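Participant: The structure under discussion is supplied below as structure tokens; questions concerning it will follow.
The values are calculated or read from the model by the stated rules, or taken from the named source; none is laboratory data. In this text the structure is predicted, and so the values were computed from the model without any measurement. Positions of Cβ are generated from backbone atoms using ideal geometry, with glycine treated the same way; all protein chains shown enter the neighbour counts.
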């Protein structure tokens, strides 16, 4: 997803729980995942159907949070894992699979999606867009990208499948809602790991779960 949507999801779901400085550290960790060093790492973004790698990456970052007393490191690691978790819904066909079970966009609304459905998370039909630099660079070259996106779009490509922005169509908003639910689920897991005293440090002096977070829970 574009940075503005990663930021808005964190603010909408969790901002009331963190001090301003602490939240900015979480956001910085989240956006770090899109640094040039990380853009071609499929596991960070659930690209190339690397679901095992993406899940392992999230677990690794949860381990960082659980095994440090440095609140700055906690927040950065948490921010990073939220980015990867959020990208799952934007880069995979999870939304398509859920819509297929519930009547499509004609019979549903984005808030109705369940982003935590275990059957869909383990569906054999689950896949994500593939990105190959040698092939997909055409979508980013200034003088040919318009033509390429219209006439040379590979069905399995990241460019064809991504729900990174509203221009992707109405399914983008389903991806946003599912990603918010997942963000809250990962946050709650961190709270259970940290316990009350370390949670206060994690939040920058704040404690508890906000109504905003509860709104997106399942």
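Participant: Scan the range 16-46 residue by residue and report those that are assigned to a helix (DSSP H, G or I) and surrounded by fewer than 17 Cβ atoms within 10 Å (Cβ to Cβ).
Facilitator: Of everything in the range 16-46, those that are assigned to a helix (DSSP H, G or I) and surrounded by fewer than 17 Cβ atoms within 10 Å (Cβ to Cβ) turn out to be 16, 20, 21, 24, 28, 31, 32.
Participant: Right, another one. How about the range 120-140: which of its residues are in a helix (DSSP H, G or I) and under 17 Å from the mean Cα position of the chain (by Cα)?
Facilitator: 120, 121
Participant: Check 123, 92, 63 and return the single one that is under 16 Å from residue 161 (Cα atoms) and at pLDDT 95 or above.
Facilitator: It is 92.
Participant: Going through 145, 130, 167, 188 one at a time, which residue ends up being out of contact with any strand residue (DSSP E or B) (no Cβ under 8 Å at 6 or more places or on another chain) and either modelled with pLDDT of 95 or more or crowded, with 17+ Cβ neighbours inside 10 Å (or both)?
Facilitator: 188
Participant: If residue 106 meets every condition in (1) free of Cβ contacts under 8 Å to residues at least 12 places away in the same chain; (2) crowded, with 18+ Cβ neighbours inside 10 Å apart from one, which number is that one?
Facilitator: (2)
Participant: Among (1) touching a helix residue (DSSP H, G or I) at 6+ places or on another chain (Cβ under 8 Å); (2) without any contact (Cβ under 8 Å) to a residue 40 or more places away in the chain; (3) farther than 24 Å from residue 198 by Cα, there is one condition residue 34 misses while meeting the rest; what is its number?
Facilitator: If we test residue 34 against (1) touching a helix residue (DSSP H, G or I) at 6+ places or on another chain (Cβ under 8 Å); (2) without any contact (Cβ under 8 Å) to a residue 40 or more places away in the chain; (3) farther than 24 Å from residue 198 by Cα, just (2) comes out false.
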